[in-house]
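What follows is a short report on a single structure.
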Amino acid sequence: MPRVSVIAKNYAKTLFVVAKKNNALEKVSEELERFKQNFSNSFAQELKSPVITKVDLAKIIGEVTAKFKLGALTSNLFSTIVRNRRLNLFPEVYEEFFRLIKTYQNVLEVEVYSAASLDLEEIKKLIEKKYPDKTIILRHKIVPEIAGGLQIKIGSLVIDSSLKSQIEQIRKKCLAAIG
């Protein structure tokens, strides 16, 4: 997951709190998803131009939010970030908002990398034992470069039992012994 700026975190947290208070988490999530499907970094950069007045910015984002049929909460978010010339932060706000929802819903995403296809049920059972209060969502990706074994990412925790990693450790020990 990319690093999220403090400013983007603040926007996302504010939107999350307000949406939760108004029982609108699902609606806001859908609206953010719809906007993301049509988001363009070049459009965001154009809106940062100092040539565009704040009045014009308000009109532009008003038209955009109306076109995508965004509700008041989501429209207010976009009005604020556009007025502050920070629409370029939208991808970060989006990521952080959905991270907050997953935390609220006790969802834990786990990434499993292996060199070949495998049955994930045993891995899921082990993770469920470690995190019994969480709903576990496993994402599996085949990465031939790891040569064998597994790499598992749970948040910031990385468990690397890949053959590639083990070979690299042996190589480093050999080089240290020689040098």
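The values are calculated or read from the model by the stated rules, or taken from the named source; none is laboratory data. Note that this is a predicted model, so its numbers are computed, not measured. Cβ placement follows ideal geometry from the backbone for every residue including glycine, while neighbour counts extend to all protein chains displayed.
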Exercise. Out of all the residues in region 44-65, which are loosely packed, with under 14 Cβ neighbours inside 10 Å and in a helix (DSSP H, G or I)?
Worked result: Q45, E46, K54, V55, D56, A58, K59, E63
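Listed here are the residues, each with its yes/no results for (1) touching a helix residue (DSSP H, G or I) at 6+ places or on another chain (Cβ under 7 Å); (2) surrounded by fewer than 16 Cβ atoms within 10 Å (Cβ to Cβ).
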residue: F68; (1), (2): yes, yes
residue: F90; (1), (2): yes, no
residue: K102; (1), (2): no, yes
residue: Y113; (1), (2): yes, no
residue: K130; (1), (2): no, yes
residue: E145; (1), (2): yes, yes
residue: V158; (1), (2): no, yes
Exercise. Can S156 be described as without any contact (Cβ under 8 Å) to a residue 40 or more places away in the chain, closer than 23 Å to R99 by Cβ and not assigned by TED's automatic domain parsing to the domain that holds E96?
Worked result: yes
Problem set entry | Pairs with Cβ under 8 Å, 6+ apart, first in region 35-47 and closer than 19 Å to A58 by Cβ, second basic (K, R) | L47/R85
Exercise. Are any residues in region 19-45 of a type in the set (A, V, I, L, M, F, W, C) and farther than 25 Å from L108 by Cβ, and if so, which ones?
Worked result: F35, F39, F43, A44
Exercise. What is the one condition in (1) surrounded by 15 or more Cβ atoms within 10 Å (Cβ to Cβ); (2) assigned to a helix (DSSP H, G or I) that K36 does not satisfy?
Worked result: (1)
Problem set entry | Criterion: of a type in the set (S, T, Y) and modelled with pLDDT under 90 - qualifying residue of S5, S114, S75 | S5
Exercise. Based on what the data block shows, is V28 in contact with a Gly (Cβ under 8 Å, 6 or more places away or on another chain) and not polar (S, T, N, Q)?
Worked result: yes
Exercise. If you scan region 66-92, which residues turn out to be outside any helix (DSSP H, G or I) and touching a residue at least 60 places away in the same chain (Cβ under 8 Å)?
Worked result: R86
Problem set entry | Members of region 31-72 that are at pLDDT 90 or above and of a type in the set (G, A, S) | G62, A66, G71, A72
Exercise. From the list E109, E122, E95, E168, which residue is touching a residue at least 24 places away in the same chain (Cβ under 8 Å) and either in a helix (DSSP H, G or I) or touching a Pro at 6+ places or on another chain (Cβ under 7 Å) (or both)?
Worked result: E95
Exercise. Can we say I152 is more than 27 Å from K13 (Cβ to Cβ), touching a Phe, Trp or Tyr at 6+ places or on another chain (Cβ under 9 Å) and either surrounded by fewer than 18 Cβ atoms within 10 Å (Cβ to Cβ) or among the small types (G, A, S) (or both)?
Worked result: no
